[in-house]
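Here the structure comes first, spelled out in structure tokens, and everything after it is commentary.
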There are 2 protein chains.
Amino acid sequence: MPVGLGDEDIERLEQVTRKKKILKAGDTLFRAGDPFSNLYAIRSGSFKSAVIGADGDTQVTHFALPGELLGLDAYSGGSHPGYAEALEDSSVCVLPFTQLENLAQQVPALQKQIYNIFSEELKQDSDVLLLLGKRSAEGRLAALLINISSRYARRGYSASEFKLSMQRIDIANYLGLTAETVSRLISRFQKQGLIRVQGRSITILDLIALSELAGTHCSYENG
Amino acid sequence: MPVGLGDEDIERLEQVTRKKKILKAGDTLFRAGDPFSNLYAIRSGSFKSAVIGADGDTQVTHFALPGELLGLDAYSGGSHPGYAEALEDSSVCVLPFTQLENLAQQVPALQKQIYNIFSEELKQDSDVLLLLGKRSAEGRLAALLINISSRYARRGYSASEFKLSMQRIDIANYLGLTAETVSRLISRFQKQGLIRVQGRSITILDLIALSELAGTHCSYENG
DNA sequence: CGCTTAATTGACTTTCCTCAAACCTGGTGG
DNA sequence: CCACCAGGTTTGAGGAAAGTCAATTAAGCG
């Protein structure tokens, strides 16, 4: 993932990235309150991360796909604010943060890369906020599908055909909807010829129409 | 804001933090697309930041209060993904990031502090997601009030009495609601004796009841 | 003091949630 | 190999919540 480093630096970095971890579907990578020690880069599979509110209800905050990073939000508090659970059989690369930090102190390019990762994460969060800001359920789901599609595309996977590894109820929770609504919408999108769904695998047939659903329908201020 | 630094380091840091900027209500601190060069620490006043979606509709992503930081999400892309606008007459401290970065390279404690700020920001975002995850409008608004209250408290301001400097439509946009709904809820909260509202200044009368509104009402899975 | 913009309130409509039932799908055991 | 079971998903009907449209009141500002 890191780019712009010298060969020697990369070699040193590889020492940090040696440790791998395999998880089965449903396994938790870390739990809320676990001490922060590692970052996790997803090599294969996918995860959901969620926080548990003071009142005990769960909120899914992210879906993490191959090539993406998990655990960064634990830095400040020293412990993970939420948990991460594998949505399917997955494997991650374990990155001990203190080692990474030390190395970064010596390698400015890596330093910048770390800032980059942090900032990337922040930007992704603001994308999510944009997504959740869509008032209609339709817009939200469309936006999520596009979001996931583009994230796959970005890492070199197919943008139009992928597996929605999370279950409906997780999508619903994430979008602030109910599983029923999500299910209905998926059916509708399919009837409209926007997507094709086969269980959990999904094909995007009409990205443009989908984008319009995600975008338009919001006759709000153009601030 | 930075803690855990030596006296000498702090002095060097102060050279970085000399520049101030004054803004009137409605002024923009930076616009979407502006190159990333500075971070901004809010000395007084408050800001909203918002992103503009591909379709042109605006989504308010943050409200920034005194003592908080703005602009961090611009790092990765090299430019600001959204704009920031002063909600009232405000003053900020301008922090040139390259200078900060260089200094951090020499001062590990500052380095950690920067990570901390990044991570803090991420954690705050996940709080926001938790907030937006509340399905009822009532719960969302209650959660926002509590969130703002606690952020004021944290910086040493009164937790129970403060100014809601943003206008209703911004709150609505932020929460994924309409201005009318927000207005109705505020009225209702007032009738119920939870808050007192005088234009934009607000007094929290019953934090406990408010917390219950924010928390409960979500008969969801207890994950 | 009048004008403009923001906030509130009301009546009505739409959307989404709730509750409930039926339906797949994958795994287990007879 | 098939029946059965459990969890997840889909679909339907009815109700509650929030949105829309429109009118009124309040608040800022020159």
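Each other copy holds its own label point for A:Asp7; taking that point as 7 Å from Cα along Cα to Cβ, the gaps run 5.0 nm, nearest first. The calculated FRET efficiency for the pair A:Ala179 and A:Thr28, based on their C-beta separation and a Förster distance of 22 Å, comes to about 0.55.
Counts of other chain beta carbons within 10 angstrom of each beta carbon in peptide B:132-142 average 3. Using only the C-alpha atoms, the convex hull of the stretch B:1-148 corresponds to 121 Å³ per residue. Across the stretch A:131-146, coupling constants 3J(HN,Hα) worked out from phi with the 6.51/-1.76/1.60 Karplus curve, θ = phi - 60°, read 4, 6, x, 4, 6, 7, 4, 3, x, 5, 5, 4, 5, 5, 4, 5 Hz, and Gly and Pro carry x. Comment: the Cα-to-Cβ extended label point of B:Ala153, at 7 Å, lies 4.5 nm from its counterparts in the other copies, nearest first. The HN-Hα couplings worked out from phi for the stretch B:17-25 by the Karplus form 6.51 cos²θ - 1.76 cosθ + 1.60 (θ = phi - 60°) are 9, 6, 6, 10, 9, 10, 10, 8, 3 Hz, whole numbers, x standing for Gly and Pro. Database remark: amide H of A:His62 closer than 5 angstrom to the amide H of A:Ser49 (H placed geometrically; neighbours at sequence offset of 5 or more, or on other chains; Pro and chain starts carry no H). The H on the amide N of B:His80, modeled in the peptide plane, is under 5 Å from the matching H of B:Gly33, B:Asp34, B:Phe36, each at least 5 residues off or on a different chain. A:Leu87's amide H: which non-local residues (gap 5+, or another chain) put their own amide H closer than 5 Å, with H modeled 1.01 Å from N in plane and none for Pro or chain starts? Amide H neighbours of A:Leu87: A:Gly26, A:Ser46, A:Phe47, A:Lys48. Placing +1 on the Cβ of every Lys and Arg and -1 on the Cβ of every Asp and Glu, with nothing else charged, gives the protein assembly as shown a dipole about its Cα centre of roughly 920 debye. Using only Cα atoms, locate the centre of the stretch B:70-127 and the centre of the stretch A:45-114, then give the distance between them in Å, rounded to an integer. That distance is 20 Å. Per residue, the convex hull around the alpha carbon atoms of the protein assembly as shown comes to 139 Å³. For the stretch B:109-117, backbone phi angles converted through the Karplus equation (6.51, -1.76, 1.60; θ = phi - 60°) give residue-by-residue couplings of 4, 6, 3, 4, 4, 5, 3, 4, 5 Hz, Gly and Pro being listed as x. Size check on the stretch A:63-175: the Cα extents along the three principal axes, sorted descending, read 48, 27, 24 Å. Relative to the other identical copies, A:Lys24 shows label-point distances of 6.7 nm, where the label point lies 7 Å from Cα along the Cβ direction and values run shortest first.
We did not get these values from a lab; they are worked out from the coordinates using the rules stated. Source: prediction; values computed, not measured. Using ideal geometry, Cβ is built from the backbone for each residue, glycine included, and neighbour counts are taken over all protein chains shown.
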